[in-house]
1. Provide, as a two-decimal number, the C-alpha radius of gyration of segment 126-234 over 2.2 N^0.38 Å, N being how many residues it has.
2. Kirkwood Rh over Cα pairs of the chain into Stokes-Einstein at 10 °C, 1.306 mPa s: D in µm²/s?
3. What order do you get for 205-213, 169-177, 146-154, 77-85 when each peptide is scored by the mean count of other beta carbon atoms within 10 Å, highest first?
4. Describe numerically, in nm with one decimal, the distance between label points set 7 Å from Cα along Cα→Cβ at THR173 and at ASN69.
5. For segment 52-177, what is the percent of antiparallel DSSP beta bridges, rounded to the nearest 5?
6. List the residues, sorted by chain then number, that are 5 or more residues from ASP195 or on another chain and whose placed amide H is less than 5 Å from its amide H.
7. Grab the beta carbon distance between GLU209 and ARG16, set R0 = 35 Å, and tell me the FRET efficiency rounded to 0.05.
8. Evaluate Rg over Rh across segment 1-120, taking Cα atoms for both radii and Kirkwood's formula for Rh.
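Only the coordinates and a few stated rules stand behind these numbers; no lab work does. For clarity, every value in this text was computed on a predicted model and none was experimentally measured. No Cβ is skipped: glycine too gets one built from the backbone with ideal geometry, and neighbour counts run over all protein chains shown.
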Amino acid sequence: MDPLSLKKLNALRRERRAAILLTDLEDGRDRVIREGDTVAGALGEAVARAFRSGKSGVVEIDGRNFFLNVHLPEPRLVVIGAVHISQALAPMAKIAGFDLTIIDPRTAFATPERFPGVALHAEWPDEALARQPLDAYTALAALTHDPKIDDPALRAAFEADCFYIGALGSRKTHAKRIDRLTEAGVSPAALERIDAPIGLDIGAATPAEIAVAVLGAVIAALRSRGPGDRSVSA
């Protein structure tokens, strides 16, 4: 590997940005492609597929073979609210390969006994997220029903361009949420990104079923994302 390519890859890893090391198997030359870079033609299509799937492999383009070595940040799921849904969601998310964090300032709910082995922050979202900012490879699920807790986290998710932003609540509750965030200056385009009522529409009723719906929606968003299709300013 070209030392310059290694330096670029290491820098992108530190920044939690996705990249592909593209190696021409005919001459051995390589280059780093960042997610969002413009790559034309059939090679560009192959690069886009690799970013979506996260799978490395060889592709043949116009008679030449290239190896696409995909480097994606570990996907994160930040859950706002140490509630019953979160208790069911935590082990599911870990099994699915997500780095999970739960944030809730209500110390009666955010306890190690209720969430063993989970990264748990019993503090306000703006405080916790100042230390561990959201990013484009993070999904945010707001589950408290409390605007004082959920709304600041949602605004942080817009600013960070999280790949998934969901919020618990009925359509009536969500309409009130939209009114509050609109008054706070959030753009209509950003508000449209909120998945509410949260999760896949599978008729979920119990906390465990809702957790399945939420995780399914998060995975679908992760695997269907494309370079440049999520950026919406708040």
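1. Working: Rg = 13.3 Å, N = 109, 2.2 N^0.38 = 13.1 Å.
For segment 126-234, the normalised Cα radius of gyration is 1.02.
2. Calculated translational D: 84 µm²/s.
3. Ranking the peptides 205-213, 169-177, 146-154, 77-85 by packing returns 77-85, 146-154, 205-213, 169-177.
4. 4.7 nm
5. DSSP beta bridges in segment 52-177 are roughly 25 percent antiparallel.
6. ILE165, GLY166, ALA167
7. 0.65
8. When Rh is taken as the Kirkwood radius, the ratio is 1.16.
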